[in-house]
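The values are calculated or read from the model by the stated rules, or taken from the named source; none is laboratory data. Treat the numbers as computed from the prediction; the structure is a model and nothing was measured. Virtual Cβ from ideal backbone geometry, glycine too; neighbours counted across all protein chains shown. These area figures cover heavy atoms from the full protein model, side chains too; ligands, DNA and RNA do not enter into them. Shrake-Rupley method; radii C 1.70, N 1.55, O 1.52, S 1.80 Å.
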Amino acid sequence: MVQNPARRTALVDAAIEVLARDGARGLTFRAVDAEAGVPKGTASNYFASRDDLLNQVGAHIHQRLAIDPAKHGPVEQAPSVELLTELMRALFHHISDDRTGWLALLELRLEATRRPELQAALTETLRANLNANIEGRRESGIPGDDMTTVLLYYAMTGLIVEHLTVPEVLAPFNVDDLIANFVNRSLEP
C-alpha cells in the first residue's frame with residue numbers, strides 16, 4: 001500500500017464528499033478519484049477494498065467534525081452553565097458549517113445496518129466519541145454529570161439531523177434558544 005498520509009487524507013475527504021452527495025451506492029474508487037482530482041486508480045492504491053475505504057471514512061469523519069474548545073469556546077470563562085451552552089452552540093454551528101461531513105456520517109450509519117464490519121467499526125468510533133465527551137466534561141469541571149453529557153449528546157444529534165435534513169421543521173424555533181433549553185433542562189434536578 002502507498003504511504004502518503006496527506007494524499008490518503010485527501011482521498012478520505014473526497015470519499016466523504018461523494019458519500020454525502022451520492023450515498024453509499026455511489027461511493028466507488030472511480031468516484032473518489034474524480035472528486036479528489038487524481039488519476040484513475042489512485043484510491044485503489046490506498047485502500048484494500050471499498051469496505052476499507054468506508055472504515056477509513058468512519059474513523060476520519062469524527063476528527064473532521066470535532067470542535068476544538070480552545071478555538072470555538074470562550075476559554076477564559078470558568079466552568080459554568082453558560083460555558084456549556086456556548087460549547088454546545090459552537091458544536092452546532094461548526095457541524096452546520098460542514099453539512100457534507102454530517103450527511104456522510106448519516107450515510108455511514110445507514111450503510112452500517114447492512115455491513116457488520118462497518119457497524120462494529122462505527123460503534124467503536126461513536127462509543128469512543130461519547131466517552132471522550134463524558135471524560136472531557138468531567139475534566140473540565142463543567143456542571144452536570146455523565147448523564148447530562150449523554151442527554152446533550154443525543155439531543156444535539158437529533159437537532160443537527162433535523163437541521164441538516166429538513167430545516168423547515170425547525171423554522172419556528174431559534175436554534176440557539178433550543179440549545180440553551182437542552183442544557184438547562186438536562187441540568188435540572
Enter the accessible area of D176 (Å², nearest 10), with the probe set to 1.4 Å and all protein chains included.
50
Please get the size of the charge dipole for the chain, origin at its Cα centre, with Cβ charges of +1 on Lys and Arg and -1 on Asp and Glu, quoted in debye to the nearest 20.
720
Loop only by DSSP, 10 or fewer other Cβ within 10 Å of the Cβ. Give me the trypsin sites (Lys or Arg not before Pro) in segment 102-189 that pass, ordered by residue number.
R114
Inverting the mean 1/r over all pairs of different Cα atoms, compute the Kirkwood radius of the chain and quote it in Å.
17.9
Which residue, A90, A120, A31, has the most motion in a Gaussian network model of the chain that connects Cα atoms within less than 10 Å?
A120
Can you pull out the chymotrypsin sites (Phe, Trp or Tyr not before Pro) in segment 118-189 whose DSSP state is coil and whose Cβ has at most 15 other Cβ atoms within 10 Å?
F173
Which loop-located trypsin sites (Lys or Arg not before Pro) does segment 1-107 contain, where loop means any DSSP state but H, G, I, E or B and the Cβ has at most 10 other Cβ atoms within 10 Å?
K40
Ignoring any ligand, DNA or RNA, what whole percent of the accessible area of the chain comes from carbon and sulfur when the probe is 1.4 angstrom?
53
Regarding segment 52-155, what's the average projected area of the Cα-atom convex hull, expressed in nm²?
6.6
So, with +1 on the Cβ of K and R and -1 on the Cβ of D and E, and no other charges, what is the size of the charge dipole of segment 101-159 about its Cα centre, to the nearest 20 debye?
140
Given segment 18-73 reduced to its alpha-carbon atoms as identical point scatterers, what log10 I(q)/I(0) does the Debye formula return at q = 0.17, 0.21 Å⁻¹?
-0.61, -0.81
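What number, rounded to the nearest 500 deg cm²/dmol, is the helix-based mean residue ellipticity at 222 nm of the chain, given -39500 (n - 2.57) per DSSP H run of at least four residues and division by all its residues?
One gets -23500 deg cm²/dmol as the mean residue ellipticity at 222 nm.
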Could you tell me which of Y154, L87, L65 has its Cα farthest along the dipole of the chain towards the positive end, charges placed at Cβ (Lys, Arg +1; Asp, Glu -1), taken about the Cα centre?
L65
Rounded to whole Å², per residue accessible area for segment 133-176 with a 1.4 Å probe reads 55
S49 versus L170: modelled label distance in nm, points set 7 Å from Cα along the beta carbon direction
3.7
Which listed residue (N181, A112, L130) has the Cα farthest towards the positive end of the charge dipole for the chain, taking +1 on Lys and Arg C-beta and -1 on Asp and Glu C-beta about the Cα centre?
A112
